[in-house]
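To start, the structure under review is shown below, and the notes come after it.
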Amino acid sequence: GEADRLGLVGSAGNRLDGTVEIVAEGNLDDVERFLQWLQSGDTPGRVEGVEASIGPATGEFKRFSLW
């Protein structure tokens with residue numbers, strides 16, 4: 001996927017309220033590119049809005065996975 005292409009690690013999954021939660025770690029420029037892609041309309045699903053919070057990476061992820 002796009003996260004793998006950008007070299008990001010993290011996770012994504014559906015929440016009970018119908019939203020999707022994504023945690024992405026990597027180079028800040030690549031994370032920002034990922035956010036732009038999410039907002040671009042070129043995603044596999046419909047994206048109605050994106051809320052982002054940028055903070056320090058935890059280092060807990062080794063790859064990007066779905067839950």
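List of remarks:
- Considering only residues in the range 30-56 that are over 16 Å from Gly1 (Cα atoms) and among the small types (Gly, Ala, Ser), the one that is surrounded by the most Cβ atoms within 10 Å (Cβ to Cβ) turns out to be Ala52.
- Residues in the range 23-57 that are among the β-branched types (Val, Ile, Thr) and at pLDDT 95 or above: Val23, Val31.
- Counting the residues of the range 3-21 that are modelled with pLDDT of 95 or more and among the β-branched types (Val, Ile, Thr) gives 1.
- One residue stands out in the range 4-21 among those that are among the small types (Gly, Ala, Ser) and assigned to a strand (DSSP E or B): the one that is farthest from the chain's Cα centre (by Cα), namely Gly13.
- Count of the range 22-67 residues, restricted to those that are of a type in the set (Gly, Ala, Ser) and outside any loop (DSSP other than H, G, I, E, B), is 3.
The values are calculated or read from the model by the stated rules, or taken from the named source; none is laboratory data. Quick caveat, the model's predicted, so the values are computed rather than measured. All Cβ positions, glycine included, derive from the backbone under ideal geometry; neighbour counts span all protein chains shown.
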